[in-house]
Structures are given as structure tokens and as C-alpha cells.
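Quick notes on the structure that follows.
The values are calculated or read from the model by the stated rules, or taken from the named source; none is laboratory data. The structure presented is a predicted model; accordingly, all values stated were derived computationally and were not measured. Neighbour counts run over all protein chains shown; Cβ positions are idealised from the backbone, glycine included.
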Amino acid sequence: MAIVKQKMLALNGDEAVAYAAKQSDVDVVAAYPITPQTIIVERFSEYVANGEVDTEFVCVESEHSALTACLTAAATGARAFTATASAGLALMHEILYVTSGCRAPVVMAVVNRALSAPINIHCDHSDSMVERDCGWIQIYVENSQEAYDSIIQAFKIAENPELLLPIMVGLDGFTLSHTLENVQTLPDDLVKKFVGTRQFTLVTNHEGKTVPFKLDPKTPVTIGPLDLYDYYFEHKRQQEEAMRIAPKIIRQVHEEYAKISGRRYGDGLIDPYYLEDAETAIVCVGSTSGTVKTIVDELRSKGMKVGLLRLRTFRPLPVKEITKALENVKAVAVMDRSLSFGGHGGAVFHEIRHVLYDAPKHPYVVNYIYGLGGRETHPNLIHKIYRDLQRILETQRIQKPVQFIGLRE
């Protein structure tokens, strides 16, 4: 399929997400407002009020209820979407597990924001990183264009009958959510065709009949029943098996989308930048990667062999892809915009060191905690990280495996 003509719109990240959801033929949106996510559901409610979408918009009393409404809608066969941030995501914690356990393909935008206390409304990744084990696919975007593209892809990925897993798409609060960008948008009819209509896995119900896996009084099934030690373990194992096949489906949908849009983000799982001959590299997620790319370009022009690995998909963790991408790198700095208190570093650092433990070659791996609560990540900080990596290569020694950068100490 050829790349199609597209319309450029000036959108901030929240508006880009709302526009993508609008085009994706969503049946139910249930949400509760929280900064810096509110614009998403405000814009979508305007689409509903103006008759631009045929969507049931449910105003609920909390984020816990928002995800519960989306879960039940998805269980009946509807296409469901919500959005949240920070404490809102934390309030959903119980239902995050219920949604993935019921194999409900809900799509949710998470506008990443710090958790209290003290109260802070700005960006870090503490809200979604703490949910990395809840059974949701996690995608983190670099810019508003990718936010738009990823929401559209997410519906097609989540609803794949082989998969049936919910997806959260993370975009950095304020840095992306409230910053205007040029966003290329696809025609409405093409997005609707790309996402398609929801298909259902066939299961055997209690009457011995083969029926679609959804709640329907005409073909009754039970979803999310009491499940004690006799079968609970097997059902959790099935979720892990779905995560195991998710990378194939993510790559497949990413490539299908690239053929009509012309836009690729690595292979859909990782987005490497100048890693082929890099001796030192930074690993990070989110919008900071855009700043890092600029510094990589600058240092490359001076003959330095530096690179970047951006993790686009954090769950499922693309183990083979990470190992391959970093196989020739001698020193790696992992940047974390969240902190595991008492855990010796941040979540991304833990994952990268874990992956590289069994790799044929073991690079030096260090961790930099940065940008908590929206603290600016100045280019000078990125320069310092690359200088530190070069020093590690020269001395063959790591002095501090975990550091805080851009902090008054």
C-alpha cells in the first residue's frame, strides 16, 4: 500500500491523542479529568457534543470508575478508550490488573506525571513505571507525532484475537502534552479502515457451544470469575504467553502503519540511533531521547562514536532486540525518570542490566536518575553523561553505578 496524502495540523500532544482516538471509531470513552491529561478528554467530549463521533462518553466520579467502565464496555465487545495521569493511574491500580486478567483490550493514554507527596503536576515516569508488572503493554513516545501514530496502532494491536491485552501509551506531561507541534494526520476513512472492526476469539461456553469471547446474553460466558488455586496459576501463565507473542504483533502493526504513513519508529520495539559503531551509548524512554539525539549529532560531528537506544516498548521488554542493539557498545548509561527507593537505581536500569547479564559481551552499565518532578534536562547534562562514559572506558572502572544528575546535593 502506498504512502497516502496527509493533512498537517498544529496539535499539542493531548490534542494529537484525542484526534487519533476520534479517528479510531471508538465506542466508549470513560474518563475523569486530571492535569496534564485533561485536554484529551475535553477535546474528545467536544467531538461527541458536535456529533463528529458516534461514541458513548461516560463522565465518572473517579479514575477507578473510568477504567471499570472501559473494562466492562470492552468485555461486551465495545472498543474502549480512556486517559489519565499520576494519582489517577494510581487510583486505577486494582482495575489495571483486572483489565489485563480479563483480557480486555482497552487503550489508555497516560500523560506521565510525578506522584505526590509533595504535590507536583509535572513530568516524570514514576506513575507508569510502578505499573510495569500489571499485565499491560507499555509504549513510550518521543513526540506528539508518535503519540498520534501510537494510539492508532494500539487499538489494532490490543484487539488482535491472538493477543487481547490492554495497552497504555505514555507521553511526557507538559513537555509533550501542552507543547504545540506539527502533526501529520491520516484521512479519517483510512484510519477507520486500518483499525478495522473488532474481531473476537472463539471459546467454548458452559453449554459446550463455540461462541465469541464477549459478554452477550444470547451466548453466555463468564469473564473474571472466582479463580482459586486450581486454575489461577494457569490463567496468569496465559497472560505471560500473550506477552511473549506481543512483539511479533507490535512489529507487524507498526510496519503496516509505516507503509501508509511513511513513519517508522525503529522496529516498533526499539529505536536505535547511531548504534552500529558506537562505543558508548545512552538508553532512555520518552521525550528526552529527542534531546539526546541532538547531542549525538553534535558529538558525532566531532568524531566521537556515541549512540542512543530509545525503548519504545517497555512491556513486553524486547530482550533480544536490546541485546543485539547493544552488542558492540562498551559503556552504557541508562537514564531513568523515576526512582525505585532503596532499589539501587531506576526501573529501566534494572531491566537493561538484567538483559545484558546473559549477553555474550558485558558492557559497563551505569544509571542516571534525572528530571524528577519535571526538572529540566539541559543538554549540558547529556554532554556530562557521555564524558563520564568516556572516562569509564579510559579508566576501565565504574566509580558510582547509580547517580543523580541535575540535582542540588
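Odds and ends about this structure:
- Within region 195-241, considering residues that are among the aliphatic types (A, V, I, L, M) and touching a residue at least 40 places away in the same chain (Cβ under 8 Å), the one surrounded by the most Cβ atoms within 10 Å (Cβ to Cβ): Val195
This table checks each residue for (1) touching a helix residue (DSSP H, G or I) at 6+ places or on another chain (Cβ under 9 Å); (2) surrounded by 22 or more Cβ atoms within 10 Å (Cβ to Cβ); (3) closer than 19 Å to Ile270 by Cβ.
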{"residue": "Ala117", "(1), (2), (3)": "no, no, no"}
{"residue": "Ser128", "(1), (2), (3)": "yes, yes, yes"}
{"residue": "Leu164", "(1), (2), (3)": "yes, no, no"}
{"residue": "Glu181", "(1), (2), (3)": "yes, no, no"}
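- Filtered residues of region 104-125 (kept if closer than 22 Å to Glu142 by Cβ and β-branched (Val, Ile, Thr)): Val107, Val110, Val111, Ile121
- Some residue of region 219-226 being of a type in the set (A, V, I, L, M, F, W, C), touching a helix residue (DSSP H, G or I) at 6+ places or on another chain (Cβ under 7 Å) and not in a loop (DSSP other than H, G, I, E, B): no
- Checking region 56-65 against the condition returns no match, with no residue being under 16 Å from Val26 (Cβ atoms), surrounded by 20 or more Cβ atoms within 10 Å (Cβ to Cβ) and either touching a strand residue (DSSP E or B) at 6+ places or on another chain (Cβ under 9 Å) or not polar (S, T, N, Q) (or both).
- Residue in region 137-156 that is farther than 18 Å from Ala16 by Cα, of a type outside the set (Ser, Thr, Tyr), touching a Ser or Thr at 6+ places or on another chain (Cβ under 6 Å) and modelled with pLDDT of 95 or more present: no
- Taken over region 28-48, the criterion of being of a type in the set (Val, Ile, Thr) and within 13 Å of Gly88 (Cα to Cα) is satisfied by Ile34, Thr35, Thr38.
- The test for being touching a residue at least 60 places away in the same chain (Cβ under 8 Å) and closer than 22 Å to Leu339 by Cβ does not hold for Gly406.
- The one condition from (1) touching a residue at least 40 places away in the same chain (Cβ under 8 Å); (2) more than 12 Å from the chain's Cα centre (by Cα); (3) more than 23 Å from Val26 (Cβ to Cβ) that Ser116 does not meet is (1).
- Restricting attention to region 202-217 and to residues that are assigned to a strand (DSSP E or B) and aliphatic (A, V, I, L, M), the residue that is farthest from Thr99 (Cα to Cα) turns out to be Val211.
- Among residues that are in contact (Cβ under 8 Å) with a residue 24 or more places away in the chain and touching a Phe, Trp or Tyr at 6+ places or on another chain (Cβ under 6 Å), Gly268 is not included.
- Region 264-290, residues that are more than 21 Å from Val355 (Cβ to Cβ) and touching a helix residue (DSSP H, G or I) at 6+ places or on another chain (Cβ under 6 Å): Arg264
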